[in-house]
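Computed from the coordinates by the stated procedures, all read-outs in this text should not be read as laboratory data. Note that the structure is a prediction, hence the values are computed from the model and not measured. So basically every Cβ, Gly included, is an ideal-geometry build from the backbone, and we count neighbours across all protein chains shown.
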Ligand code: G16
Ligand code: MG
């Protein structure tokens with residue numbers, strides 16, 4: 001039986017990817033590094049430190065660990081400042097409706113995000129109240145594709161993975177959900193999240209009615 005839902009944040013509840021892009025781009029410009037939307041796409045769902053390593057690899061740059069941390073912190077300061085612009089208008093279409101519906105139907109709901117800034121984003125959206133548990137980049141050491149963040153969220157909800165559905169927009173996020181034994185809903189194109197149990201192009205199509213009709217035997 002499905003009793004819980006675990007949501008990724010960026011790309012599922014709201015689109016912070018654009019703000020991450022702007023902050024990485026500003027850092028890259030300052031460093032004289034190449035950075036574009038295609039490279040940004042590779043950062044979807046992965047941690048801050050994994051992200052800077054992808055950007056450095058793209059530029060054939062290697063630096064000592066302290067410098068890498070310093071640069072990632074610089075990007076983060078820019079990103080965090082830009083979060084002040086996020087408002088309750090910035091839910092992805094359909095996301096708030098689904099969260100509200102899950103609340104009225106009595107499901108347990110958790111966040112399972114790689115971001116260390118997830119709480120700030122939820123506050124800006126006025127979304128904190130939709131979640132029983134917040135699992136974020138501060139909750140576990142190993143980031144996606146490791147299943148740890150989703151296992152953490154399920155444990156806090158006191159539910160086994162088989163009783164939970166994970167919503168994810170990232171390839172590595174679906175990998176993480178599957179590795180943990182969760183049911184999965186992919187949000188995005190086939191080539192990115194086609195390996196999820198079910199897939200919707202956007203959150204708008206991912207209504208509780210649709211999800212229930214796909215996982216019929218589990219409700
Ligand atoms: C998000 C973004 C990633 C970002 C990561 C870490 O993940 O998709 O691009 O690198 O968080 O963010 P921060 O630098 O704020 O800790 P998710 O899991 O919410 O999709
Ligand atoms: Mg995501």
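Could you give the angle, 0 to 90 degrees to the nearest 10, between helix 148-157's Cα long axis and the longest principal axis of the Cα atoms of the chain? Long axis of 148-157 versus the principal axis of the chain: about 40 degrees. Rg/Rh for the range 114-177 stands at 0.95; both radii use Cα atoms, and Rh follows the Kirkwood definition.
For the chain, the extents of the C-alpha atoms along the principal axes are 53, 33, 30 Å, listed from largest to smallest. Over the range 61-190, the fraction of Cα-Cα pairs per 10 Å bin, rounded to whole percents and listed from the shortest bin up, is 12, 37, 36, 13, 2, 0. Counting every other Cβ atom within 10 Å of each residue's Cβ, 1, 31, 203 order from fewest to most as 1, 31, 203. Counting every C-alpha pair in the range 1-99, the share spaced more than 25 angstrom apart comes to 27%.
Seen against the Cα atoms of the chain and their longest principal axis, helix 17-31 is set at about 10 degrees. Remark: 96, 48 ranked as 96, 48, counting other beta-carbon atoms within 10 Å and listing the fewest first.
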